[in-house]
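Participant: Below you'll find the structure I mean.
Computed from the coordinates by the stated procedures, all read-outs in this text should not be read as laboratory data. Computed from a predicted model, the values in this text were never measured in an experiment. Note that we place each Cβ from the backbone using ideal geometry, even for glycine, and neighbour counts take in every protein chain shown.
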Amino acid sequence: MILSMLAALAIQAAESTTPAPEASERLRLAAPDAAALPNTTLHGYVLQATSPRPIRAEMNRLRPRVNGRQHDATTSWRYSLRLMSSGGRCDPTTAVADYTISIVMPDLQDRERLRRQDKQAWDRYFSALQMHEVNHARIAQLGAQQYQAAIRSAPTCEAGRAAAAQVAADVSAASAEYDRITEHGRHEGAVYPN
């Protein structure tokens with residue numbers, strides 16, 4: 001199932017309770033891998049500080065909340081389903097699963113004003129953070145494929161919906177495991193200041 005296919009990777013399915021505006025052009029350029037993902041919207045929370053401790057303090061104040069806990073970045077997704085009828089009956093083989101992904105990341109407004117070593121530290125952190133969130137998004141994409149396959153292979157629409165719900169639960173479990181193993185990206189280098 002998904003847990004074995006994804007190994008240690010996962011996604012975070014919970015909705016963020018702190019809405020962030022759509023990403024600035026600055027953030028899209030800083031996070032090209034995240035910005036280029038299909039069906040994905042990149043959002044940013046703007047940081048205006050220009051040295052490590054104030055940047056961290058600002059991040060701690062502004063970063064998004066998920067399930068009551070704050071994280072430097074978050075990835076959430078939503079699957080939706082379209083089914084057609086055949087002969088007046090729901091036909092699971094016609095299922096089309098759509099998905100949307102939302103990634104929220106810090107948007108450092110004045111990166112160029114950082115001292116050289118502080119800029120390098122930020123860039124290392126931000127690169128690791130982006131990689132972590134992109135991994136979440138890629139898993140959401142795989143989950144959408146498995147979600148659709150589970151419904152299409154079911155004998156009835158009701159059985160298909162139950163199978164899809166199990167896929168979604170497996171993806172959520174994998175998400176929790178990925179973040180547990182990486183400590184939300186800390187073991188991948190997403191630590192600032194380091």
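Participant: Once the piece of chain linking residue 82 and residue 57 is laid out straight, how much longer is it, given 0.36 nm per residue of separation minus the C-alpha distance between them?
Facilitator: 4.6 nm
Participant: What full-extension length gain, to one decimal in nm, is calculated for residue 100 and residue 142 as 0.36 nm per residue of separation minus the Cα-Cα distance?
Facilitator: That works out to 13.9 nm of additional length.
Participant: Still on this model: For the pair residue 115/residue 36, report the inter-label distance in nm, with labels modelled 7 Å from Cα in the Cβ direction.
Facilitator: Placing both labels 7 Å along Cα→Cβ, they lie 3.4 nm apart.
Participant: Rounding to the nearest 20 debye, state how big the charge dipole of region 67-186 is about its Cα centre with +1 on each Lys and Arg Cβ and -1 on each Asp and Glu Cβ.
Facilitator: 120
Participant: Next up: Quick check: pseudo-label points 7 Å beyond the Cα along Cα→Cβ at residue 153 and residue 177, how many nm apart are they?
Facilitator: 1.8
Participant: How many angstrom lie between the Cα centre of region 99-143 and the Cα centre of region 145-170?
Facilitator: Distance between centres, Cα-based: 32 Å.
Participant: What is the antiparallel percent of DSSP beta bridges lying wholly in the chain, to the nearest 5?
Facilitator: 65
Participant: Another question, then. Given an 8 Å cut-off on Cα distances and at least 6 residues of separation, report the relative contact order of the chain as a percent.
Facilitator: 31
Participant: Quickly estimate the mean residue ellipticity at 222 nm for the chain, helices only: each DSSP H run with n ≥ 4 gives -39500 (n - 2.57), and the total goes over all residues, rounded to 500.
Facilitator: Dividing the helical sum by the residues of the chain leaves -15000 deg cm²/dmol.
Participant: Related question: GNM, the chain, Cα, under 10 Å: largest mean-square fluctuation among 109, 117, 166?
Facilitator: Sorting by GNM fluctuation, first place goes to 117.
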